[in-house]
Ligand SMILES: [Zn+2]
């Protein structure tokens, strides 16, 4: 994904999140998404954003609030602080794709599907001692072609 593609995708996710949660649109959030996209780093810290944040006249509290919002909207992951790391690290969540697929157990044909309600259920579920990132879901069954062949054979 290029930085422009990533920015556009992130912006679309943010727009949807803002609409779903009746939040306010702010220019700062869009600017920050752009700054983060243009970093072109898989993992970054607040420090990495500092110079550009100042140039854009975005305050530190606004930066932290926005990062929190991006995490809630699943645009970013916040990585747990590990030993020796003094600043919180963030990682793009958009690159890791959730996958939902149907698979025919007779011919092996696969197809992707998308179900927003399912996505919400999996993400909003509470997991004991676990923070979910992304998931794969496979629905096994018989495709239309194989079903037709089976019916023909039985007749
Ligand atoms: Zn099949």
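The values are calculated or read from the model by the stated rules, or taken from the named source; none is laboratory data. All of these numbers come straight from a predicted model, not from anything done at the bench. Because the Cβ atoms are built from the backbone with ideal geometry, glycine has one as well, and the counts that use them run over all protein chains shown.
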Would you point out the residue of the range 141-155, among those that are under 35 Å from the mean Cα position of the chain (by Cα) and assigned to a helix (DSSP H, G or I), that is farthest from the ligand (Cβ to nearest atom)?
144
Residue 120 passes all but one of (1) free of Cβ contacts under 8 Å to residues at least 40 places away in the same chain; (2) in a strand (DSSP E or B); which number fails?
(2)
What single numbered condition from (1) assigned by TED's automatic domain parsing to the domain that holds residue 39; (2) part of a strand (DSSP E or B) fails to hold for residue 111?
(1)
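Okay, residues lined up against (1) surrounded by fewer than 15 Cβ atoms within 10 Å (Cβ to Cβ); (2) closer than 24 Å to residue 123 by Cα; (3) not assigned by TED's automatic domain parsing to the domain that holds residue 119:
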residue: 9; (1), (2), (3): no, yes, yes
residue: 15; (1), (2), (3): yes, yes, yes
residue: 18; (1), (2), (3): no, yes, yes
residue: 24; (1), (2), (3): yes, yes, yes
residue: 34; (1), (2), (3): no, no, yes
residue: 42; (1), (2), (3): yes, yes, yes
Which one of 77, 138, 90 is within 16 Å of the ligand (Cβ to nearest atom) and in a strand (DSSP E or B)?
138
Unique residue being over 12 Å from the mean Cα position of the chain (by Cα) and at pLDDT below 90 when the list is 81, 19:
81
Residues in the range 41-60: is at least one touching a helix residue (DSSP H, G or I) at 6+ places or on another chain (Cβ under 8 Å), at positive phi and either touching a residue at least 12 places away in the same chain (Cβ under 8 Å) or assigned to a strand (DSSP E or B) (or both)?
no
Taking into account only those residues within the range 104-135 that are within 16 Å of the ligand (Cβ to nearest atom) and touching a strand residue (DSSP E or B) at 6+ places or on another chain (Cβ under 8 Å), which is farthest from residue 71 (Cα to Cα)?
105
